[in-house]
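Colleague: Take this structure, written in structure tokens, and hold onto it; I'll ask about it next.
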Amino acid sequence: MIEHLSSDQLSDCVLGQASRTVAQHVQHCPACSAALMEFRESLGEFQSAVRRWSDVQARQYQAGNYRADASRATPRRAPELSIRSSSHQLAWALLIAVVCVIASFVFPRHGSDLIGSDAALLNQVDAQVSRTTPSSMEPLMKLVVEEP
Amino acid sequence: MQLSVTPELATSELAPSQLESYVGPDVAALTRDFEALVQLYRPKVFRFALASLRDVDAAETVTQDCFLRAYQARDRFRQDCSIHTWLMQIAVNLIRDHIRNRRFQFWRRTRLTAKPVDLAGHTIADRAKSPEAQALLRERVAAIWTAADRLPQKQRTVFLLRFVEDLDLLEIAVATGMKLGTAKTHLHRALRTVREGIGERL
């Protein structure tokens with residue numbers, strides 16, 4: 001007769017694989033019987049708790065998904081919103097264009113002055129570019145021309 | 001990612017109860033009634049994934065991947081185990097891959113520092129028990145939950161398959177790809193750790 005169940009023997013009992021000797025001991029030993037019952041009960045309650053928790057999580061996840069789907073569906077109003085925002089943009093563009101036109105009438109001289117100075121600058125650049133000899137070579141060119 | 005089921009699969013011909021009684025279903029029925037199969041086994045696969053990963057999003061992803069792979073591999077189902085065991089086999093592999101990938105992801109720290117799950121809060125009060133006995137039982141459940149989280153991955157998988165999914169040793173061996181003796185050893189070690197966990201806590 002064994003004294004008390006070892007951890008492995010208790011595990012065997014929990015797994016339903018106890019030997020005949022172990023099973024007989026459990027029947028006659030109140031301490032081992034109580035320990036086994038307590039462990040089985042704990043494992044059973046653990047299983048139930050995990051199942052309930054999983055069910056709750058699944059329901060919450062699905063509810064969350066539905067909410068997410070619903071919120072994803074709301075942007076169906078987006079065309080209206082985008083039209084509104086695009087009309088805002090158009091209004092701003094028109095306003096800026098009107099301001100520009102008015103400004104061109106109010107300050108015409110500044111514009112013509114600018115055009116004039118631009119033209120002078122361009123002519124200067126043209127003259128520099130169209131020179132046959134670079135400015136740094138000009139003294140040499142003079143010497144070459146003067147020699148004959 | 002949402003699991004998409006083709007229209008011809010959506011028409012179920014077998015009731016879930018009939019499908020569950022299948023031990024070795026023929027592949028044609030499996031194909032025809034895939035929608036019913038999803039309906040029946042989805043909660044079980046999700047539960048196992050959730051208990052293993054403790055992350056609802058990850059569990060949902062694993063569940064969807066599991067049925068997607070099952071659908072893709074339905075022609076290769078050898079009918080040498082039940083559908084439940086076959087699906088658990090796929091889920092075990094997906095969970096293992098997920099855990100392996102997560103080791104390299106920085107947000108794992110976030111998970112580890114996240115608020116722990118209060119599993120004891122999901123125990124049902126038994127009126128036949130005294131409040132002290134109920135509190136003690138809740139403590140034990142919490143201790144098992146904590147101990148299960150600390151188990152090495154293989155032991156945890158085996159433990160959850162046995163004590164959450166009610167698979168027997170042979171089914172566990174098939175689902176995990178272990179030898180029967182190896183599965184039994186892992187289960188014994190897991191049980192010992194869990195018992196020690198209960199002892200430490202109480």
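Read-outs throughout are calculated quantities, based only on the coordinates presented, and are distinct from any laboratory measurement. It should be emphasised that the depicted structure is a prediction, and the values quoted were computed from it without experimental measurement. Cβ coordinates were reconstructed from backbone atoms using ideal geometry, including for glycine residues, and neighbour counts include every protein chain displayed.
Colleague: Normalising by the residue count of region B:115-202, find the relative contact order in percent from Cα pairs under 8 Å and 6+ residues apart.
Modeller: Relative contact order, region B:115-202: 34 percent.
Colleague: Another question about this same structure. Only sites in a loop by DSSP and with at most 15 other Cβ atoms within 10 Å count here; which trypsin sites (Lys or Arg not before Pro) in region B:124-202 make the cut?
Modeller: B:Arg127, B:Lys129, B:Lys179
Colleague: Hey, with R₀ at 41 Å, roughly what FRET efficiency would A:Ser7 and A:Asp55 work out to, going by the Cβ-Cβ distance, to 0.05?
Modeller: Rounded to the nearest 0.05, the efficiency is 0.80.
Colleague: In peptide A:36-47, what is the residue-averaged number of other protein chain Cβ atoms found within 10 Å of each Cβ?
Modeller: Mean partner shielding for this stretch: 6.
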